[in-house]
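A.B. asks: One structure is given below, represented as structure tokens, and several questions about it will come after.
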Amino acid sequence: MNVGKPLDRVDGRAKVTGTATYSAEWALPHLTHAVLVTAERGPARLLALDTQQAQRAPGVVAVLTHHTERPHAQKPPDKPGAPPMALDPVLVLRDETVRYAGQPIAVVVAETLEQARAAAALVKPRYDDQSPRIALEPHLDEAHPPKSIFGAPPDHARGDFARGWAEGEAHVDAVYTTAAESHNPMEPHATTAVFAGGKLTLYDATQYVYGVKRTLAAITGLDPANVRVVCRYVGGGFGSKGLQWPHVTCAALAAMHVGRPVKLVVERRQLFGLVGFRPRTHQRVRLAARRDGSLTAIAHDGANQTSRFSEFTEPVGLLTRILYACPNLAVTHRLVALDTQTPTFQRAPGEASGSFGLECAMDELAHTLALDPLALRLVNYARRDPDQDRPWSSKALEACYQEGARAFGWSARAPKPRATRDGHWWVGQGMATASYPTHRSGASARVRLNADGSARVQIATHDLGTGTYTILTQVAADALGLEPGQITTEIGDTDYPEAPVAGGSQSAASASNAVHVACLAVRDELLRLAVADPASPLYGRAPAGLAVAGGRVYKADQPGVGETMQSVLARAQKPHLEAERSSKPGEETQHYGMHAWGAQFAEVRVDAELGMVRVTRLVGAFAGGRILNPKTARSQLLGGMVMGIGMALLEEVVRDPRQGRVLNGSLEGYMVPVNADVPALEVILVPEDDPHVNPLGIKGLGELGIVGAGAAIANAVFHATGKRVRGLPITLEKLL
Ligand code: MOS
């Protein structure tokens, strides 16, 4: 068995030797370079856009603006296979309207990057600007409900909140806020576009090649059959590359305009105002409980910023619906339209932010009742899905609590806050529950077993650095009875069978199950050939009694009786066997609640004079069904925890209230955790066998690691200092 082993990344060598081709690295003949000119303020009207100087600058091939682009060049979706998103946020260069600071207003294409940059600086816009609306809180009274949250209604209730609230003997009623964040993957958004022979090819940094294909087909009016999207490697996405953003359209239009390949890399400072971001949230959480800690009522009222022209909901209350056993619950979601680009999914959208509100409120409740925070969670442990009143497909959360607490040394924690001082540091510990829903979508894969005993897997899924190449290789190796080194896994190309967006932590489950069934189809064909061939030692045997391993086909109960796959194929005169198969979720999604689980434990030190917070330890114990590869699984969880440190202490997009533009749009102004911020991290993989969730028993792990991390750190800060900070990030001025 290869599944379950810590196989090194199969793409590791290509990455560290620089031969892995990222989307900005395709060396195409006659390549040109595009640079975006983005609006410095918004909302505004362009009174003038002077491109004359830029057009005359050395090396310039073209300057695209709303004057050069015919308005009908961008068609609304009118075909089946509609794009995965509202097109409005992706349309560009339409008229003189600037909807937000950071919107592209021109695209400069030149022979070299330097020439394009120099010329872009010569484009002179003149604005008639209006004052932007960029702050959430002042406009909460104008909030409106979203149309839906991924198909679910924005408001949800069970039982009777008012009655449960009245039954409570202890109450928490508090407002929590999380900051607008920018994903900042190491690889910036980038698109290399080629338009030739009526066909558009995009090498795009994306989490969804089929999504880009559909969106760009709709925008350009091209037949989807003439749009191909390739993305072999992604240098991090975290949700920002799940939907499409205006630069992709700009690159495609530029390539169609100049008739040469165009490379467009979004500059770091431009990312902040151009692509989606995690919206700011405002959350009122109310908890009522009996003296023993049992919850009688939960209410979670969330609001987040969206743009003026399309909706994105940060669904802070979805996790609240299922996390604890409580008969009375009310959850609402509201939106406030502001003058920014449309926000989007960022790692555990809803769960990362919503768990901050809920899990801090639980900590406040524990403090009010003088209960241990972990004991409070156990009192309210949900043995069934409390929202749908159905069993869980599996739930090893209790073991996560136990193993995490043991590894962390939770039992040694002082019962009262502000009790431990070490020199000029206050020291404290906090914890929180983590959970993330298990998603899976239909996916297809193509598998070919070659006459030389090697095999090739093709599926249009994605590897965001998560390990997809590696786990699919392991899954295929086991199903085909080959070694991982005999398998070539190819992903990230719309020439391959379709797989869903690499979002919602669904890729491992979606793609693995598809690869598995396609491999089994090839294997079964091989077995049929063997038993039908009088020259085979397996002639006449029942295929059900045969097995494959080590490149051989043999009798399962008599491994000596068999032959190599190569000899079967050679005698059958087959150059290869190939199969394409699909796998999709079935009725199990109706019958079971499906979530991955975890428990986060944090220790912090807070400088008594300066308010500076240092995380000293973070322990996470996680259960995610079958772990395909403990090495890549652990890395994903570590990454989530690191991002949780950023959310808790560092990250916030700051905008200028007068001009709307992002003020800290760089990696020195917008702080992400660096090694000095990241202490001893420990990930514990808690075994969890799930016979229901999907055929291979896989849950996703990409987002689970950030859930609860912010709350655990905030709760540790309270325990250290006795001061409750309810707004992230917890910066030192909030503690002084
Ligand atoms: Mo993830 S935020 O669903 O890419």
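A.B. asks: Just tell me which lysines come within less than 18 Å, Cα to Cα, of LYS555; anything on the same chain fewer than 8 places away is out.
C.D. replies: none
A.B. asks: Hey, for a label at ARG418 modelled as a point 7 Å past Cα toward Cβ, could you say which residues of the range 595-632 have their backbone N under 18 Å away?
C.D. replies: Taking a point 7 Å out along Cα→Cβ of ARG418, the residues of the range 595-632 whose backbone N falls under 18 Å are 604-613.
A.B. asks: With a Cα-only, solvent-free Debye model of the range 361-500, what are the log10 I(q)/I(0) values at q = 0.21 Å⁻¹?
C.D. replies: Treating every Cα as an identical point scatterer, log10 I(q)/I(0) equals -1.22.
A.B. asks: Now for a separate question. Cα-Cα pairs above 22 Å in the range 576-688: how many percent?
C.D. replies: Values: 3595 of 6328 pairs.
Taking all Cα-Cα pairs of the range 576-688, the fraction more than 22 Å apart is 57 percent.
A.B. asks: Grab the beta carbon distance between THR19 and ALA162, set R0 = 56 Å, and tell me the FRET efficiency rounded to 0.05.
C.D. replies: Details: r = 63 Å, r/R0 = 1.13.
E between THR19 and ALA162, to the nearest 0.05, is 0.35.
A.B. asks: Taking Rh as the Kirkwood radius, which is the inverse of the mean 1/r over Cα pairs, what is the Rg/Rh value for the range 203-246?
C.D. replies: For the range 203-246, the value is 0.97.
A.B. asks: Tell me the trypsin sites (Lys or Arg not before Pro) within the range 361-391 that lie in a loop according to DSSP and have at most 11 other beta-carbon atoms within 10 Å.
C.D. replies: ARG383
A.B. asks: Then there's this: When the Debye formula is applied to the Cα atoms of the range 35-160, each taken as the same point scatterer, what base-10 log of I(q)/I(0) results at q = 0.14, 0.19 Å⁻¹?
C.D. replies: Once normalised to I(0) and log-transformed, intensities are -0.80, -1.09.
A.B. asks: If you don't mind, there's one more thing I want to ask. With N residues in the range 20-66, what two-decimal value do you get for its Cα radius of gyration over 2.2 N^0.38 Å?
C.D. replies: Working: Rg = 14.9 Å, N = 47, 2.2 N^0.38 = 9.5 Å.
Against the compact-globule rule of thumb, the ratio is 1.57.
A.B. asks: On full extension of the chain, what length is gained from ARG284 through GLU137, given 0.36 nm per residue of separation minus the C-alpha to C-alpha distance?
C.D. replies: Values: separation 147, 0.36 × 147 = 52.92 nm, distance 1.24 nm.
Roughly 51.7 nm would be gained on extension.
A.B. asks: Something else: Please get the size of the charge dipole for the chain, origin at its Cα centre, with Cβ charges of +1 on Lys and Arg and -1 on Asp and Glu, quoted in debye to the nearest 20.
C.D. replies: On the way: 76 positive and 74 negative charges, 91 e Å.
Using only the charged Cβ atoms, the result is roughly 440 debye.
A.B. asks: I've got another one for you. Using only the Cα atoms of the range 224-311, build the gyration tensor, take square roots of its eigenvalues as a ≥ b ≥ c, and label the shape rounded, prolate or oblate: rounded if a/c is under 1.5, else prolate if a/b is larger than b/c, else oblate.
C.D. replies: Working: a/c = 3.54, a/b = 2.98, b/c = 1.19.
Prolate, because a/c is 1.5 or more and a/b exceeds b/c.
A.B. asks: Evaluate the range 285-436: find the radius of gyration of its Cα atoms, find its Kirkwood radius, and give the ratio Rg to Rh.
C.D. replies: Numbers: Rg = 17.5 Å, Rh = 17.2 Å.
Rg/Rh for the range 285-436 comes to 1.02.
A.B. asks: Loop-only check: which GluC sites (Glu not before Pro) in the range 97-191 are DSSP coil with at most 14 other Cβ within 10 angstrom? Each step should come with its number before you reach the end.
C.D. replies: Values: sites: GLU111, GLU114, GLU142, GLU167, GLU169, GLU181; in loops: GLU111, GLU169.
Listed in order of number, the matching sites are GLU169.
A.B. asks: Determine, for each peptide in 229-235, 40-46, the mean count of other beta carbons within 10 angstrom over its residues, then list the peptides with the highest first. Walk me through the intermediate numbers first.
C.D. replies: Numbers: 229-235: 22.9, 40-46: 20.7.
With the highest mean Cβ count within 10 Å placed first, the list reads 229-235, 40-46.
A.B. asks: Take every DSSP beta bridge whose two residues both sit in the range 574-720, then give the antiparallel share in percent to the nearest 5. The partial results should precede the final answer.
C.D. replies: On the way: 12 of 18 bridges.
Given both bridge residues lie in the range 574-720, the antiparallel proportion sits at roughly 65 percent.
A.B. asks: Rank SER23, SER567 by accessible area, highest first, at a 1.4 Å probe radius? Intermediate results must be reported in sequence, preceding the final value.
C.D. replies: Details: SER23 0, SER567 35 Å².
Ranked from most to least accessible, the order is SER567, SER23.
A.B. asks: I've got another one for you. Ranking request for peptides 449-459, 660-670: highest mean number of other beta-carbon atoms within 10 Å first, then the rest in descending order.
C.D. replies: On the way: 449-459: 21.5, 660-670: 17.8.
Result, highest mean first: 449-459, 660-670.
A.B. asks: Under a straight-distance cross-link criterion of Cα-Cα below 18 Å, which lysines are reachable from LYS699, leaving out those fewer than 8 residues away in the same chain?
C.D. replies: Partners found: LYS5, LYS395, LYS584, LYS631.
A.B. asks: If you average 1/r across every pair of different Cα atoms in the range 488-637 and take the reciprocal, what Kirkwood value do you get, in Å? Walk me through the intermediate numbers first.
C.D. replies: Working: mean 1/r = 0.0499 Å⁻¹.
Evaluated on the range 488-637, it is 20.0 Å.
A.B. asks: Along the charge dipole of the chain, Cβ charges K/R +1 and D/E -1, which of GLY102, PRO630, GLY540 sits furthest on the positive end?
C.D. replies: GLY540
A.B. asks: If packing is taken as the mean number of other Cβ atoms within 10 Å per residue, what is the order of 345-354, 709-718, highest first? Don't skip to the end; give the middle numbers.
C.D. replies: Numbers: 345-354: 28.5, 709-718: 30.2.
Listed from highest to lowest mean packing, they are 709-718, 345-354.
A.B. asks: Counting only DSSP beta bridges with both residues in the chain, what percent are antiparallel, rounded to the nearest 5? All intermediate terms of the calculation are to be shown ahead of the outcome.
C.D. replies: Working: 102 of 133 bridges.
Around 75 percent of the beta bridges assigned by DSSP in the chain are antiparallel ones.
A.B. asks: So, one more: Find the relative contact order for the range 467-568 and round it to a whole percent, using C-alpha pairs within less than 8 Å whose residues are 6+ positions apart.
C.D. replies: Working: 117 pairs, mean separation 25.2, N = 102.
Rounded, it is 25 percent for the range 467-568.
A.B. asks: Mean 1/r over all different Cα pairs, inverted: what Kirkwood radius does the range 635-729 give, in Å?
C.D. replies: Numbers: mean 1/r = 0.0633 Å⁻¹.
Computed over the range 635-729, the radius equals 15.8 Å.
A.B. asks: Calculate the spin-label point distance for ARG291 paired with HIS171, positioning each point 7 Å from the Cα along the beta-carbon direction, and give it in nanometres.
C.D. replies: 1.9
A.B. asks: Oh, and also: Considering the dipole of the range 172-231 built from charges on the beta carbon (Lys and Arg +1, Asp and Glu -1) around the Cα centre, which of LEU222, VAL175, MET186 is farthest to its positive end?
C.D. replies: LEU222
A.B. asks: Taking +1 at the Cβ of each Lys and Arg and -1 at the Cβ of each Asp and Glu, which of LEU701, ALA39, GLN305 sits farthest along the dipole of the chain towards its positive end, judged by Cα position relative to the Cα centre?
C.D. replies: Positive-end residue among those listed: ALA39.
A.B. asks: Also, I was wondering about something else. List the pairs from LYS241/LYS263; LYS416/LYS723; LYS124/LYS199 whose alpha-carbon separation is above 23 Å, in the order I gave them.
C.D. replies: Values: LYS241/LYS263 17 Å; LYS416/LYS723 12 Å; LYS124/LYS199 34 Å.
Cα-Cα > 23 Å for LYS124/LYS199; rest within.
A.B. asks: While we're looking at this one, here's another question. Sticking with the crude label model, points 7 Å out along Cα→Cβ, report the distance from ASP677 to ARG390 in nm, one decimal please.
C.D. replies: 3.9
A.B. asks: So how far, in whole Å, is the C-alpha centre of the range 679-736 from the one of the range 595-620?
C.D. replies: Cα centroid of the range 679-736 versus Cα centroid of the range 595-620: 9 Å apart.
A.B. asks: Cβ under 15 Å from VAL61's Cβ, VAL61 left aside: what net charge do those residues give with Lys, Arg +1 and Asp, Glu -1?
C.D. replies: Value of the local net charge: +2.
A.B. asks: Can you tell me the FRET efficiency between THR488 and GLU587 if r is taken as the Cβ-Cβ distance and R0 is 30 Å, rounded to the nearest 0.05?
C.D. replies: Details: r = 35 Å, r/R0 = 1.17.
About 0.30, to the nearest 0.05.
A.B. asks: Between the range 168-196 and the range 1-68, how far is it from one alpha carbon centroid to the other, in angstrom?
C.D. replies: 22
A.B. asks: Then there is this: Report Rg (one decimal) and Dmax (nearest whole number) for the range 695-736, counting Cα atoms only, units Å.
C.D. replies: 15.2, 53
A.B. asks: Another question, if that's okay. By Kyte-Doolittle mean hydropathy of at least -0.5 and Cα axial length of at least 20 Å, which whole DSSP H helices of the chain are selected?
C.D. replies: Details: long enough: 351-369 (26 Å, 0.19); 507-532 (37 Å, 0.92); 630-645 (22 Å, 0.36).
TM-like helix candidates: 351-369, 507-532, 630-645.
A.B. asks: Taking the range 136-284, how much of its Cα-Cα pair set, in percent, is spaced more than 29 angstrom apart?
C.D. replies: On the way: 4293 of 11026 pairs.
Result for the distance tail: 39 percent.
A.B. asks: Could you give P(r) for the chain, binned at 10 Å from zero, as whole percent values over all Cα-Cα pairs?
C.D. replies: Per 10 Å bin, starting at 0, the Cα pair percentages come out as 3, 14, 23, 24, 19, 12, 5, 1, 0.
The values are calculated or read from the model by the stated rules, or taken from the named source; none is laboratory data. Everything quoted here is computed from the prediction, not taken from an experiment. As a convention, Cβ positions derive from the backbone with ideal geometry for all residues, glycine included, and neighbour counts pool all protein chains shown. Note: areas computed on protein heavy atoms with side chains; ligands, DNA, RNA excluded. Shrake-Rupley method; radii C 1.70, N 1.55, O 1.52, S 1.80 Å.
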